[in-house]
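Undergrad: Have a look at this one.
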Amino acid sequence: MTRVLGIESSCDETAAAVVRDGREILSSVVVSQAAEHAEYGGVVPEIAGRSHLREILPVVDRALADAHLDLDDVDAIAVTSRPGLIGSLLVGVSTAKALAFSRGLPLVAVDHLEAHAWAAVMESEGAPYPCTALIVSGGHTSLYRADSPLRLTRLATTLDDAAGEAFDKVAWLLGLDYPGGPSVARLADEGDPDAIAFPRYTPRGRASSGGDPPAFSFSGLKTAVLYHLRGGDALAPTPAPEDIPDRAAVAASFQEAVVDQLVARTIETTRAEGLDTVLVVGGVACNRRLRERMHAEAERAGLRAVFPSPAYCTDNAAMIAGLGFERLRAGEVAGWNLDASPR
Ligand code: KG4
Ligand code: ZN
């Protein structure tokens with residue numbers, strides 16, 4: 001039995017968790033800074049770094065207490081070392097190093113994106129590999145081929161914005177709370193998803209016959225929402241949120257356009273790879289419409305879609321501790337010179 005303490009501080013959540021043998025979550029503590037960034041409509045790196053510094057030790061203490069353990073009962077410490085905001089990552093990496101060094105514990109470096117993919121496997125039995133993994137969050141929208149928990153090869157990524165970023169920006173245009181994903185999704189429940197025909201990005205032709213490679217794009221969609229709000233006149237002023245008559249229809253139609261694109265590209269690319277399972281992870285994987293449509297379309301195509309439960313879609317440290325166990329098992333222990341990397 002191996003108990004790993006995981007630490008996550010790559011963006012705006014300070015998190016720590018204890019996981020047994022890679023899958024059994026003994027505790028998971030997440031402190032979100034969303035309220036501190038809300039008035040800016042996005043994450044402010046300086047605020048994030050300072051907030052992590054304030055929260056990290058209390059969060060680690062709580063994760064240990066919730067698991068009824070002491071630091072001496074832990075077998076290894078895993079920490080997100082990349083990618084993310086450098087000042088934020090450094091808080092987690094320095095803390096993990098200090099704790100591991102003081103107790104003579106192995107230190108394990110974890111890639112945040114690989115850990116998101118692990119979150120979908122962590123809660124299920126067995127191993128779905130090889131499969132694809134759609135990582136869809138505020139900072140990333142990419143589809144990978146996963147041959148093992150530690151071997152991900154990128155098949156497609158976004159040409160511009162991440163899907164979560166598009167949700168956050170459209171929420172801002174509609175005068176909704178930050179983070180935008182949950183607020184847009186809530187308003188979308190009251191609107192008609194077919195009310196407005198927003199564009200869906202589709203690559204031209206097939207890559208196999210000289211066409212564009214598979215990719216996602218959301219900036220055209222975001223601009224289409226803006227022009228719609230301006231009544232079709234690109235140069236008109238953007239109306240105040242309270243003057244938008246069809247806010248729910250905009251939210252629902254925008255969400256549908258994002259979901260359509262994510263589902264279509266994921267299913268067609270997974271089939272082209274000859275695989276039958278797709279892991280769907282990251283903050284946007286909380287989206288109920290995405291979950292429904294991906295399950296339905298996957299089933300229609302003879303595939304299986306696997307989502308983590310919502311608490312493990314968004315940033316958390318259980319996925320870090322879980323994948324940390326897999327790395328430890330593969331003999332991948334980090335040196336005391338471990339550094340954080342934004343990429
Ligand atoms: O994975 P995550 O917690 O942090 C990053 O690594 O980015 O994802 C946060 C993103 C935000 O952009 C947020 O608006 C989006 O996930 N999100 C959602 C939903 N819940 C969170 N987007 C759409 N629908 C949701 N229900
Ligand atoms: Zn994330």
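The values are calculated or read from the model by the stated rules, or taken from the named source; none is laboratory data. The shown structure was predicted, so the numbers you read here are calculated from the model rather than taken from an experiment. Cβ sites come from the backbone with ideal geometry, for glycine too, and all protein chains shown count toward neighbours. When the accessible area is computed, the model is the full protein with side chains, heavy atoms only, and any ligands, DNA or RNA have been set aside. Shrake-Rupley method; radii C 1.70, N 1.55, O 1.52, S 1.80 Å.
Undergrad: Which numbered condition trips up A248, out of (1) within 26 Å of C11 (Cβ to Cβ); (2) buried (at least 16 other Cβ atoms within 10 Å of the Cβ)?
TA: Exception for A248: condition (1).
Undergrad: Restricted to segment 191-222, and to residues that are in contact (Cβ under 8 Å) with a residue 24 or more places away in the chain and of a type in the set (D, E), which residue is surrounded by the most Cβ atoms within 10 Å (Cβ to Cβ)?
TA: D192
Undergrad: A further question on this structure: List every residue pair whose Cβ atoms sit under 6 Å apart, with the two residues 6 or more apart in sequence or on different chains, where the first one lies in segment 17-43 and is touching a residue at least 12 places away in the same chain (Cβ under 8 Å) and under 13 Å from L5 (Cβ atoms) and the second, anywhere, is among the basic types (K, R) and open to solvent by 40 Å² or more (accessible area, probe 1.4 Å).
TA: Qualifying pairs under 6 Å: V18/R3; R20/R3; L26/R20; V29/R62.
Undergrad: Which one of these does A311 not meet: (1) closer than 13 Å to M122 by Cα; (2) surrounded by 24 or more Cβ atoms within 10 Å (Cβ to Cβ)?
TA: The failed condition is (2).
Undergrad: Among the residues of segment 251-265, is any away from ligand 1 (no atom under 15 Å from the Cβ), part of a helix (DSSP H, G or I), in the same structural domain as L303 (by TED's automatic domain parsing) and of a type in the set (G, A, S)?
TA: Yes, some residue in segment 251-265 is away from ligand 1 (no atom under 15 Å from the Cβ), part of a helix (DSSP H, G or I), in the same structural domain as L303 (by TED's automatic domain parsing) and of a type in the set (G, A, S).
Undergrad: Further, regarding this structure: For T270, which of the numbered conditions (1) crowded, with 22+ Cβ neighbours inside 10 Å; (2) assigned by TED's automatic domain parsing to the domain that holds D160; (3) under 17 Å from the mean Cα position of the chain (by Cα) fails to hold?
TA: Single failed check for T270: (3).
Undergrad: Let me ask you something else. Let me spell it out: the conditions are (1) acidic (D, E); (2) in contact with a helix residue (DSSP H, G or I) (Cβ under 8 Å, 6 or more places away or on another chain); (3) under 30 Å from L176 (Cβ atoms), and E55 meets all of them except one. Which number is the exception?
TA: (2)
Undergrad: Okay, next question. Got a number for residues in segment 229-275 being within 18 Å of L290 (Cβ to Cβ) and in contact with a strand residue (DSSP E or B) (Cβ under 8 Å, 6 or more places away or on another chain)?
TA: 7
Undergrad: Scan (1) over 25 Å from L5 (Cα atoms); (2) of a type outside the set (V, I, T); (3) not assigned by TED's automatic domain parsing to the domain that holds I135 for the single condition L275 breaks and write down its number.
TA: (3)
Undergrad: While we're on this one: Suppose we keep only residues that are among the aliphatic types (A, V, I, L, M) and within 10 Å of ligand 1 (Cβ to nearest atom) within segment 107-125. Which one would you say is surrounded by the fewest Cβ atoms within 10 Å (Cβ to Cβ)?
TA: The residue in question is L113.
Undergrad: Given the options R154, R186, R206, name the one that is out of contact with any helix residue (DSSP H, G or I) (no Cβ under 6 Å at 6 or more places or on another chain) and at pLDDT below 95.
TA: Answer to the check: R206.
Undergrad: Right, here's the next one. Could you check segment 94-106 and list, in sequence order, the residues that are surrounded by fewer than 24 Cβ atoms within 10 Å (Cβ to Cβ) and not hydroxyl-bearing (S, T, Y)?
TA: Within segment 94-106, K97, A98, L99, F101, R103, G104, L105, P106 qualify.
Undergrad: For segment 126-153, enumerate the residues that are within 16 Å of ligand 2 (Cβ to nearest atom) and open to solvent by 20 Å² or more (accessible area, probe 1.4 Å).
TA: Residues satisfying the conditions are G138, G139, H140, Y144, L152.
Undergrad: Then there's this: Could you tell me whether I56 is among the β-branched types (V, I, T), open to solvent by 60 Å² or more (accessible area, probe 1.4 Å) and under 20 Å from A34 (Cα atoms)?
TA: No: the conditions fail for I56.
Undergrad: While we're here: When you go through (1) among the hydrophobic types (A, V, I, L, M, F, W, C); (2) surrounded by fewer than 14 Cβ atoms within 10 Å (Cβ to Cβ); (3) in a strand (DSSP E or B) one by one for A35, which number turns out not to apply?
TA: The single condition A35 does not satisfy is (3).
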